[in-house]
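Following: one structure in structure tokens, then a few remarks.
The values are calculated or read from the model by the stated rules, or taken from the named source; none is laboratory data. A quick note: this is a predicted structure, and the numbers were derived from the prediction, not measured. Virtual Cβ from ideal backbone geometry, glycine too; neighbours counted across all protein chains shown. Heavy atoms of the whole protein, side chains included, go into the accessibility calculation; ligands, DNA and RNA do not. Shrake-Rupley method; radii C 1.70, N 1.55, O 1.52, S 1.80 Å.
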Amino acid sequence: MKKITALLLVLVFALCLPLASCVHTLENPQPQTPVIPKGYLEYNNEKISFAYPEGWVVNDGSVVIIVNESGVGNNITVSYEQFSDMYSTMTAETFNTTLKPMFAAAGLSVSNATVEQVENDVSTKITKITYTAAANGVTMKQTMFICAAGDRNYIVTVTETTGDPQLVNTVFDTLYVK
């Protein structure tokens, strides 16, 4: 009788274990890694990753620049700095008093800045800053995606000389901290 009871308990335990696992997963969902859409490739530097258009060239250095085949027009830059929580509390007002003067010193006129604290579907917390920039008679839209990864803040900037919301949305949707 003891053997049958023990066997039944083991059987019940074996049947309940997968259910307990599912409940734990529902309570503590793990972030999904992003799916790279067709026509895009994955940029991955072991700290962050995101999708960029197939056919674009990655110029790797201390600042990574990803450009289309012609080398002019829309592009993506990747840079980093020492971690700080400055961006997680940034507003349009603090952008205008802290970063806008730095852009002006570099010869870039910035207007229409917006700052949002957002999270994408792969659970990356991002400070999203958008603005219109002008330099040397060229006007462009820039979208900065800033996320913390370890001891660094990564800044992924999408520059649009020709509007491309699909590019901006794809970088946002696939930005992932490793």
Name the residue, out of E46, E54, that is of a type in the set (D, E, K, R), at negative phi and open to solvent by 30 Å² or more (accessible area, probe 1.4 Å).
E54
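Yes or no, residue by residue, for (1) loosely packed, with under 15 Cβ neighbours inside 10 Å; (2) more than 17 Å from V168 (Cα to Cα):
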| residue | (1), (2) |
| --- | --- |
| N59 | yes, yes |
| S62 | yes, yes |
| S70 | yes, yes |
| V78 | no, no |
| M102 | yes, yes |
| V110 | no, yes |
| S123 | yes, yes |
| T127 | no, no |
Can you tell me which residue is farthest from the chain's Cα centre (by Cα) among those in the stretch 129-141 that are open to solvent by 80 Å² or more (accessible area, probe 1.4 Å) and within 25 Å of T170 (Cβ to Cβ)?
T139
Filtered residues of the stretch 146-163 (kept if within 23 Å of G39 (Cα to Cα) and crowded, with 16+ Cβ neighbours inside 10 Å):
V156, T157, V158, T159, E160
Residue that is nearest to T91 (Cα to Cα) [pool: residues in the stretch 112-121 that are open to solvent by less than 50 Å² (accessible area, probe 1.4 Å) and of a type in the set (V, I, T)]
V115
Of the residues S88, S84, which single one is open to solvent by less than 60 Å² (accessible area, probe 1.4 Å), in contact (Cβ under 8 Å) with a residue 40 or more places away in the chain and farther than 16 Å from V158 by Cβ?
S84
Index of the failed condition, N169 passing every other in (1) free of Cβ contacts under 8 Å to residues at least 40 places away in the same chain; (2) over 21 Å from S49 (Cβ atoms); (3) open to solvent by 30 Å² or more (accessible area, probe 1.4 Å)
(2)
